[in-house]
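Quick note: the coordinates plus some simple rules give every number you see, no bench work behind them. Quick caveat, the model's predicted, so the values are computed rather than measured. Please note: Cβ atoms are built from the backbone with ideal geometry, for glycine as well, and neighbour counts cover all protein chains shown.
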Amino acid sequence: MSDDLDSLGFAASKLWNVGRWVCDRVWSEIGHIPGHNELTTYLKSHERYDDLFVCKVEIEVSEAPGEKTVGVDLGINNFAALAYEDGHSELYPLNCLKQDDYYFSKRLAQCDDSDPEQPTRLNQKNSARRTHYFHTLSKHIVQRCVDEDVGTIVVGDLSGIREDEKTDESKNWGKHGNLDLHSWAFDRFTSMLAYKAEIDGITVKQVSERDTSKSCSCCGRKRKANRVERGLYVCDECETVANADVNGAENIRQKVSPNPHGEDRSNGWLAQPSTFLFDKETGVFAPQEHVTS
Ligand SMILES: [Zn+2]
């Protein structure tokens with residue numbers, strides 16, 4: 001009797017996991033938390049259960065939107081900086097995650113013994129909001145790539161950063177202020193991006209981030225010391241002044257798609273990046289000037 005109950009419990013927890021997994025996928029496809037009908041429709045059309053616990057998904061993959069490339073630099077000031085092939089660039093600051101962390105750490109500090117479950121609930125809520133943010137951002141970036149005829153997204157491989165961390169070079173991951181954002185958060189984001197991009201026929205390539213923050217993306221000069229002033233990369237050689245994260249993103253992009261030799265990109269290139277913020281009212285990313293909340 002007890003064994004039977006145990007195996008039932010095991011089956012139930014497995015089903016729960018499968019349920020969560022399906023829910024997550026549907027959620028990322030339709031953009032809101034799926035209801036019962038949407039889940040059933042999705043299961044009927046997408047899933048094939050070979051047995052109770054293994055499910056396979058057949059994804060319809062589109063043609064690539066184009067042949068252009070975009071470089072993505074992930075970081076802690078701007079969660080993502082994007083450098084497109086034609087020179088325009090976009091920044092996605094962490095404003096929303098920072099506000100959440102501030103709010104939830106305040107709430108956690110106020111917890112007392114009267115409700116021992118409350119800290120767990122708060123942490124779960126914060127984590128769910130972060131997951132939602134990552135889903136929304138990766139979906140938004142893929143849509144931007146579709147709009148810009150991008151066929152290849154080049155993302156810095158963050159294992160290089162962990163190396164840098166040890167040698168105290170490049171980005172300093174210890175200084176995030178209050179924001180508790182581990183390197184696995186970037187891995188998780190990258191896999192969400194890759195999964196969503198694949199559906200639209202876009203390839204995600206990971207390249208080493210080595211020297212991408214030290215080199216000038218315009219003339220290629222590599223400096224010994226990183227001269228970044230207030231988030232700007234300044235090159236003494238060609239006098240380029242660029243947003244440091246955008247400069248990194250462009251170097252990442254060039255690892256897959258080098259610029260033709262000798263092409264002068266110093267004139268007006270790497271112009272002012274557009275900044276996108278998460279709009280809490282609409283739940284989507286919008287240009288900074290349109291975000292009121
Ligand atoms: Zn330069």
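Observations on the structure shown:
- For the listed residue pairs LYS106/LYS196; LYS106/LYS280; LYS68/LYS280; LYS196/LYS280, the alpha carbons are over 27 angstrom apart in LYS106/LYS196; LYS68/LYS280.
- Each residue in THR203, THR69 was given a count of other beta-carbon atoms within 10 angstrom of its own, and listing them fewest first yields THR203, THR69.
- Ordered by the count of other Cβ atoms within 10 Å of each Cβ, fewest first, LYS222, LYS125, LYS255 give LYS222, LYS125, LYS255.
- Prolate/oblate/rounded call for segment 94-152, Cα gyration tensor, a/c under 1.5 rounded: prolate
- Ranked GLU60, GLU289, criterion: other C-beta atoms within 10 Å, fewest first: GLU60, GLU289
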